[in-house]
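Here is the structure we will look at.
Nothing in this text is a laboratory measurement; each read-out follows from the coordinates by a stated rule. Worth saying up front: this structure is predicted, and the values here are computed from it rather than measured. Positions of Cβ are backbone-derived with ideal geometry, glycine not excepted, and every protein chain shown enters the neighbour counts.
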Amino acid sequence: MNPSLEKYLSRVRRPSRYLGKELFSVIKDSRTVSLRFALAFPDLYEVGMSYLGMKILYHTLNQRPEIWAERVFAPAPDMAQLLKELSILLPSLESGRALKEFDLVGFSLPYELGYTNVLNMLSLGGIPVWSRERKEGDPVVIAGGPCTFNPEPMSGFFDALVIGDGEEVIQEICAAWLTWKKVGGDRQILLRSLSGLSGVYVPAIHSKNREVSPEIPAIRKRIIPDLNQAGYPAVSPLPYQQIIHDRLSVEIARGCTRGCRFCQAGVIYRPVRERSPEQVYQLLEEGLSRTGYPEATLLSLSSGDYTCLNQLLPALMERWEREKVAVSLPSLRVDTLSSEVIEQILRVRKTGFTIAPEAGTQRLRDVINKNVTEEEILQTAQTVFSLGWRVLKLYFMIGLPSETQEDLEGLVLLVKKIEKAVRKKGGRFEIHVALSTFIPKPHTPFQWAAQLSMEESLSRLTFIRSALNSRHIQVKWNDTRQSFLEGILSRGDQRMSRVIYRAFQKGSILDAWGEHFSWELWQQAFEEESMNPQRYLKSQDRDYVFPWDFIQTGVEKDYLWNEFQKGLSGESTPDCRQGDCNQCGICPTLKIKPLIFKEFTFPSGRPLIVYPKESIKKFRLLITKTGPSRFLGHLEWKEAIIRSLRRAGLPLAFSQGFHPLPRLSFGPALPVGLSSMGEFIDVQVQDWLSEEKIWDRLPADLFPGTKIIGISEVPLNSHLPQKQIYQYQVELDKALGDPERVKEFLSSTEWPVEKPGKKTEPLNLKSIIRELSLLPENNGTLTARWTLESGPEGDIRPELVLRSIFNLTDSVIQSLSVVKSLSVSNY
Ligand code: SF4
């Protein structure tokens, strides 16, 4: 983080987004690196930190001693404003270096509604937004991720776009940059060299004369034939705050061969390549031990299809059940849910259950090649509720090709049948129905189909909601205007760059966030560019040339068209994972084969933690919350501590029930930004531990700013002390500390203050503050100190004292660093 920013962090929401310094973040000596690479993610920290591609590239690049890869995320509007006010350029998390000072800036593009964030980040980082305006000395700005499979809408902003798996090509790009730096030459020479790399599209070179000739040489996607050889991070920077997917993720396979006809990922990541179960096991072993995460997820487009799942899951649960680590499987298909798989997931915790029928009738499920039957869906729903789940999520799409009113009614009927089947089982239950509007994504069999207008989409969604009127059923849908925009941006051509730029200039950012999205701004942008957005969402003829046709996924266009026609006639296409090739073209074209593993050899000599006894002891820890930790919210700090204790191998005691949690008690929450030298935490652990053993196991600093300074055993039935006397101290510029105000306070009999936001009687500070002093000036600063007793409801916030007694404004208070310490304790 930029050091000049730290003292202003209290002025923004969730300052932990900007702190950096997480465990496993990589810090290098700048003098020893030759290439500084910014991995940029066009959304907020909590979203970007959940994105697998960025974690893989961070690991891959930082393994090279001559390269330092750092992370940069989109700032929230309050931070963007603060950066402008302070004239600080958007900094990286690791070194705090401004974006414009990097050699290469690589954006991940996982979804279209982040496009204007790219422009905002470039602008805040001091880099010209249009690639044509970048000069010698400016960073080279590149992009990768699923959206680059139609690179044209963003082609005006990037110097190069990478198509396909990034692990190898990123190394080649770095090698090209290092050679160029050594040999010398202008920016054009580097771009020319990048344009020669397989899988790299350089708009300025490849489509320079696009206005004259529509021909762009084909760019074929890059692919990693064997994930086991590509390198994968067992650990990545460990966030303090809760992120969107807050668990250890191990990618068990890339690619899916099920062939759902609406699914872009199913085409662009083909063919399937599984990671060996031994490597998955080893990555989980190392990752869970080193991070302390209580949950791991086995990631892939269809985790239930992983060939060795029935062998791997029991082995994982055997190893981690005792430590209450839950294993989750996202993207489960109902036809892959064997009772063995469900039983294994259940062994620790029910991690939420989702079924994605996508369409309500069998006819429409056949059109989209979602080869699941109504019976399978009903059976799965009954099974999960009878095993104790209480909430079932169902995903559906509306507007799929050939959808009729009958299909919408079928959707309603299916949900009602599920409700009825579950009701028979008895007990409390909820069904959450999530609806989205179908988008005909590039490279899919449905790319020729039309997308619904916003009005039609809203009318179909409203019909479903009104028909599903039950207290057990909750219906939600994606904003139809956002889906409409996503469709346009995903199917756009080069002209779309101008619209994106206009929308950004008008203030459109964070479009994926409902509270920031403004369709009106986009409408104006389209109008000012004289573009009719609807034209991108029309159905097309077979021979239509799409803007993305020059990108070769390896799957032939004829195959996609035939799949579209087969879909319309309700004909299914089987899965090719186990060897029945459907001739999509990718394997011969890319000279690759599906890679699966049928056997799992259980690793010998695996470490198993064996606890001698089951009974419990309680220890009281005295702990600091200073430095970067003071900017963590109470929940963030709690989670970070729990993970630290798990990492240290402390045998925690857990609560019983469906969601076993570690038995820890914390005192009242501290205001964000306040440093404390003495917070209490009670921890219950297995009773063979002693104070000495805990000291031995725990590191000196649990994480930056959080340090254990005392441990003592307390009776199991004791509670955290309700009352404590604390001293507060803050250094003030001498112009801010008025000794007369202190005298006035000390000589008064009453000092009433209103508690902000509370409609209660004013507090009398005079009866709460026990001592107050202003120490003599030292180097232009005065030290204010006060002592008070905290009650069960928490402390009197220091800003109340500083505002009321010292007459300071909120913006001054936010830049001060107040320290709380234990004055007298019963510790
Ligand atoms: S070429 Fe055949 S085996 Fe390979 S992904 Fe396509 S359908 Fe599957």
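Descending by average beta-carbon neighbour count within 10 Å, the peptides 132-142, 287-297 line up as 287-297, 132-142, the highest first. Equivalent-ellipsoid semi-axes for region 3-220 (Cα gyration tensor, √(5λ), whole Å, largest first): 28, 19, 16. Taking each residue as 0.36 nm, the span from residue 505 to residue 587 lengthens on full extension beyond its C-alpha to C-alpha distance by 25.1 nm. Contact order, relative form, for region 616-714: 52 percent (alpha carbon pairs under 8 Å, 6 or more residues apart, mean separation divided by residue count).
Using bins of 10 Å that start at zero, the share of Cα-Cα pairs per bin across the chain amounts to 2, 11, 19, 23, 21, 14, 7, 2, 0, 0, in whole %. So if I average 1/r over every pair of distinct C-alpha atoms in region 363-510 and take the inverse, what Kirkwood radius in Å does that give? About 17.3 Å for region 363-510.
Placing R0 at 25 angstrom, the Cβ-Cβ distance between residue 354 and residue 513 gives a FRET efficiency of 0.65 after rounding to 0.05. Run the Debye formula on the Cα coordinates of region 616-714, all scatterers equal and no solvent, and tell me log10 I(q)/I(0) at q = 0.17, 0.25 1/Å. Each listed q corresponds, in turn, to -0.72, -1.47. Mean residue ellipticity, 222 nm, helices only, the chain: the sum of -39500 (n - 2.57) across DSSP H runs of n ≥ 4, divided by residue count and rounded to 500, is -9000 deg cm²/dmol. The C-alpha atoms of the chain define a longest principal axis, and helix 115-124 lies at about 50 degrees to it. Taking 0.36 nm per residue of separation and subtracting the current Cα-Cα distance, fully stretching the chain between residue 474 and residue 696 would add 74.9 nm.
With each label modelled as a point 7 angstrom along the Cα→C-beta vector, the residue 279-residue 717 pair spans 5.6 nm. Taking R0 as 22 Å, what FRET efficiency do you get between residue 810 and residue 740 from their Cβ-Cβ distance, rounded to the nearest 0.05? That gives a FRET efficiency of 0.50. With 10 Å bins beginning at zero, the pair-distance distribution over Cα atoms of region 364-434 amounts to 18, 51, 25, 6 %. Note on residue 648 and residue 771: the model spin-label points, each 7 Å out from Cα along the C-beta direction, lie 3.1 nm apart. Compared with the rule-of-thumb size 2.2 N^0.38 Å for a compact globular protein, region 152-238 has a Cα radius of gyration ratio of 1.27. Computed on the chain, with alpha-carbon pairs under 8 angstrom and 6+ residues apart, the relative contact order is 12 percent. Of all aspartates and glutamates in the structure, the ones whose alpha carbon falls short of 12 Å from that of residue 441, not counting any fewer than 8 places away in one chain, are 112, 486. Within a straight-line Cα-Cα reach of under 18 Å, residue 617 can be paired with the following lysines, leaving aside sequence neighbours fewer than 8 residues apart in one chain: 693.
Of the beta bridges in the chain, as assigned by DSSP with both residues counted there, near 50 percent are antiparallel. Label-to-label distance for residue 4 and residue 761 is 5.0 nm, based on points extended 7 Å past Cα in the beta-carbon direction.
Sort region 130-174 into rounded, prolate or oblate with this rule: let a ≥ b ≥ c be the square roots of the eigenvalues of the Cα gyration tensor; rounded if a/c is under 1.5, and if a/c is not under 1.5, prolate when a/b is larger than b/c, oblate otherwise. Taking the square roots of the gyration eigenvalues as a ≥ b ≥ c, region 130-174 is oblate. Dividing the mean sequence gap of close Cα pairs (under 8 Å, 6+ apart) by how many residues region 724-824 holds gives a relative contact order of 43 percent.
Between residue 417 and residue 228, the C-beta separation translates, for a Förster distance of 35 Å, into a calculated FRET efficiency of about 0.20. Length available on full extension from residue 34 to residue 529: 0.36 nm per residue minus the Cα-Cα distance, which gives 174.0 nm. Taking the centroid of alpha carbons for each part, region 1-36 and region 440-494 are 39 Å apart. Figure legend: label point modelled 7 angstrom from the Cα of residue 578 along Cα→Cβ; residues of region 291-319 with amide N under 16 Å from it are 304-311.
Expressed as an acute angle from 0 to 90° and rounded to the nearest 10, what is the orientation of the C-alpha long axis of helix 309-320 relative to the principal long axis of the chain? That works out to roughly 10 degrees. Residue order for 307, 116, 354, fewest other beta carbons within 10 angstrom first, comes to 354, 307, 116.
Within a straight-line Cα-Cα reach of under 25 Å, residue 766 can be paired with the following lysines, leaving aside sequence neighbours fewer than 8 residues apart in one chain: 723, 734, 743, 755, 758, 820.
Angle of helix 634-647 to the longest C-alpha principal axis of the chain, folded into 0 to 90 degrees and rounded to 10: 80°.
In this entry, region 452-501 is assigned a mean projected area of 4.3 nm², taken as a quarter of its C-alpha convex hull surface.
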